Amino acid sequence: MPGLEDLYREIILDHYRHPRNRGELESPPAIRAEGFNPLCGDEVVVYLAVDDGLVSDLKVSGQGCSISQSSASMMSAAVKGKTISQARATIKAFRAMMSLHGHQLDGGADGVAALSSDAEMDDRTGPEVAADEGITLGDLEALQGVVKFPVRIKCATLSWHTLAQALHDAEAESGG
Amino acid sequence: MEVAAVTPVRPEPGTGHDHPLAPVVRRDLDVARVKKDFPLLERVVHGKRLVYLDSASSSQKPLAVLDTMDRYYTTTHANVHRGVYQIAQEATELYESARAKVARFVGAGDPGEIVFTKNVTEAINLVAYSWGRHNLGPGDVVVTSELEHHADFVPWLQLREEKGAELRILRLRPDGTLDLDNLDQVLDGAKLLAITAASNVLGTLPPLRRLVDAAHDAGALVLVDAAQYVPHQSADVRQIGADFLGFTGHKMLGPTGIGVLWARRELLEDMPPFLTGGEMIRDVRFDGFTTNDVPWKFEAGTPPIAEAVGLGAAVDYLEALDMGAVREHERALTAYAIEALKARYGSALVVHGPPQPEPRAGIVSFTYKDVHAHDLSQVLDEAGVCVRAGHHCAKPLMRYLGVSATARASFYIYNDEADVDALVDAIGQSDTLFG
């Protein structure tokens, strides 16, 4: 049976206590995307600045539990300064990490289903996807334990949904 | 209406479970004895005794209810109001006798005023769709409150959108009670007051009688959301004076899938049907249909028969305990909990809602330091303690409180001081992670 230490790794708590890239960007020019978890009331706002194919700046605001807030913080650190395609690859790898794969638990996987709805499902693990995409998950791997607590997966994925939306909006805006 | 005088599925004394079926004069609740009737409470989770403090969300079920439903299915089941054969007649009698029990339980003289629904959400929607769309138009005023569960809020928002009705909101005061200073102004010209009898978040018990009288004086009908009220204290629809009152079975020891709308007969008779199809119909021709009598006019399709029978058994169980004793037990336990939380954690823990000794239901919403309710609930789960964490389907209220989520402990007949102590002890365990 998973214990709380599987969920609340020190690196996660550090990001929760000291969130990176917290704040807002002026929008426009920045893209602003909102994410809500209607079940628990968590909300996250992602501000995305794109410059010449790069995530030139990214800020996150909102409120929620330690998992949703630390995941948002880690996400911001992972994609800021990266290319758009690297950011998308990171989302893909994170998505794979948050899927239940071998666990195949019923219920609580609504966040996974939603996150995967626009993605091809395969059997690769998050780190495998990351390796194939030529990126590393780094600190994000600490969130792997969340999968053992299916009801919390949607906490971890909220900010990633929102980033995916912001990237989509950025692409639409640039006429891409 | 003919009602079966016998209830063959009721456990026979001495052969079934040792729960207090005999009518009693007012007495204290014997929690240790009650607990024995709830096998689920014997579960161990994460190596700890299960401490169930989420009855405001859904209560657990006593063996008497489970056995009654089992026995119904193993001996009696057939569709109701149709067959002429023996078991169909018995099933119908059981279903209708459950209706009569529920009517008696809430002081409705006429079982025909009891409409079985899926839950209280459906009961309120039934009123909004049937009465509301029939009687409200542009500019007509519906009054509700900031305390409401979404079930008693969103149907009125929807009615505003569809019919152009005006929605007025009774606001909260910082102590979690309703601000009634300008009640008469708010109710002026209103057609309906839709109000909770007990807040599912704060435990606030609004002054129902005063609200009902003021609404009636203003010419408005009153709908009472009694989901958190009927399971916990003696409720008498005539004393409350409401026109519509809804509650749900699964919060009062009954199964899921059965709720109740009580309404005055003349209102039900004037209202058009909500769902249509079988059962609710008297005659159907190519050129139209005529409806069945109340309450069946509002019970389209095969109803939740076993669930109604189970709810009847839940009513029997609660009546045997005595609702006065239930209320007193919960009042004392809630006072104990608030006292214990304050004594242990002082200002680090905020209990939302009316301060003691303000009357409140057995519901305690709280926030601890800046630990998010989900994280707190996760830590409590590790200690076997089940509480609800989140916005409790009351987002307007959460906005007023200025929090995105709270943890909520709620009490029922099977909870005791040891359960509260387990909660109090476990909260502090979050300090190692979030302190």
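The numbers here are math on the coordinates, done by the rules we state, and not lab data. In this text, all values refer to a predicted model and were calculated from it rather than measured experimentally. When we count neighbours, we look across all protein chains shown, and the Cβ atoms used for this are built from the backbone with ideal geometry, even at glycine.
Of the residues B:His391, B:Ser59, B:Thr432, the one whose Cα sits farthest towards the positive end of the charge dipole of chain B is B:Thr432 (charges of +1 on Lys and Arg Cβ, -1 on Asp and Glu Cβ, taken about the Cα centre). Highest mobility in the GNM of chain A, judged by mean-square fluctuation with C-alpha springs under 10 Å and restricted to A:Ser56, A:Ser68, A:Ser27, is found for A:Ser27. Close amide-amide hydrogen proximity is noted between B:Asp140 and B:Glu166, each under 5 Å apart and 5 or more residues distant or on a separate chain (H modeled in the peptide plane; Pro and chain starts excluded). Only beta bridges with both residues in the protein assembly as shown are counted; by DSSP, about 70 percent of them are antiparallel. When only the Cβ of Lys, Arg, Asp and Glu is charged (+1, +1, -1, -1), the dipole of chain B relative to its Cα centre reaches about 360 debye. Dipole of chain B (Lys/Arg Cβ +1, Asp/Glu Cβ -1, origin at the Cα centre): which of B:Asn292, B:Ser404, B:Thr196 lies farthest to the positive side? Looking along the dipole axis, the top candidate is B:Ser404.
Among the helices of chain B, those built from whole DSSP H runs whose Cα atoms reach 18 Å or more along their own axis and whose mean Kyte-Doolittle hydropathy is at least 0.5 are B:305-321.
Between the alpha-carbon centres of segment B:97-137 and segment B:171-245 there is a gap of 17 Å. The 3J(HN,Hα) values that the Karplus relation (6.51, -1.76, 1.60; θ = phi - 60°) gives for segment B:260-271 are, in residue order, 9, 10, 9, 8, 4, 3, 5, 5, 4, 5, 7, 7 Hz. Gly and Pro appear as x.
Quick one: order B:Glu339, B:Glu148, B:Glu90 by neighbouring beta-carbon count within 10 Å, fewest to most. Numbers along the way, then the final one.
Values: B:Glu339 12, B:Glu148 25, B:Glu90 21.
Lowest to highest Cβ neighbour count: B:Glu339, B:Glu90, B:Glu148.
Taking the Cα centre of segment B:223-321 as reference, the dipole from Cβ charges on Lys and Arg (+1) and Asp and Glu (-1) amounts to some 100 debye. Taken one residue at a time, the phi angles of segment B:168-178 give Karplus couplings (6.51, -1.76, 1.60, θ = phi - 60°) of 10, 10, 6, 8, 8, 9, x, 7, x, 9, 7 Hz. Gly and Pro are set to x. Local charge for B:Tyr412 was computed over the other residues whose Cβ lies under 13 Å away, with Lys and Arg +1 and Asp and Glu -1, and equals 0. Over chain B, with a Gaussian network built from C-alpha contacts below 10 Å, which listed residue (B:Asp140, B:Asp181, B:Asp375) shows the highest mean-square fluctuation? Of B:Asp140, B:Asp181, B:Asp375, the most mobile in the Gaussian network model is B:Asp181. Separation of the alpha carbons by more than 29 angstrom is noted, of A:Lys92/B:Lys395; A:Lys92/B:Lys369; A:Lys154/B:Lys36; B:Lys48/B:Lys369; A:Lys80/B:Lys395, for A:Lys92/B:Lys395; A:Lys92/B:Lys369; A:Lys154/B:Lys36; A:Lys80/B:Lys395.
Ordering B:His134, B:His250 from the fewest to the most neighbouring beta carbons within 10 Å gives B:His134, B:His250. D for chain A, whole µm²/s, Stokes-Einstein with Kirkwood Rh over alpha-carbon pairs at 20 °C and 1.002 mPa s: what number? It diffuses with D of about 134 µm²/s by this estimate. The charge dipole of the protein assembly as shown, taken about its Cα centre with unit charges on the Cβ atoms of Lys, Arg (+1), Asp and Glu (-1) only, comes to about 600 debye. Residue-wise HN-Hα couplings along segment B:394-400, as the Karplus relation 6.51 cos²θ - 1.76 cosθ + 1.60 with θ = phi - 60° gives them from phi, are 9, 5, x, 5, 5, 5, 4 Hz; Gly and Pro carry x.
What's the exposure ranking of A:Asp14, B:Asp213, going from fewest to most Cβ atoms within 10 Å?
Starting with the residue having the fewest Cβ neighbours, the order is B:Asp213, A:Asp14.
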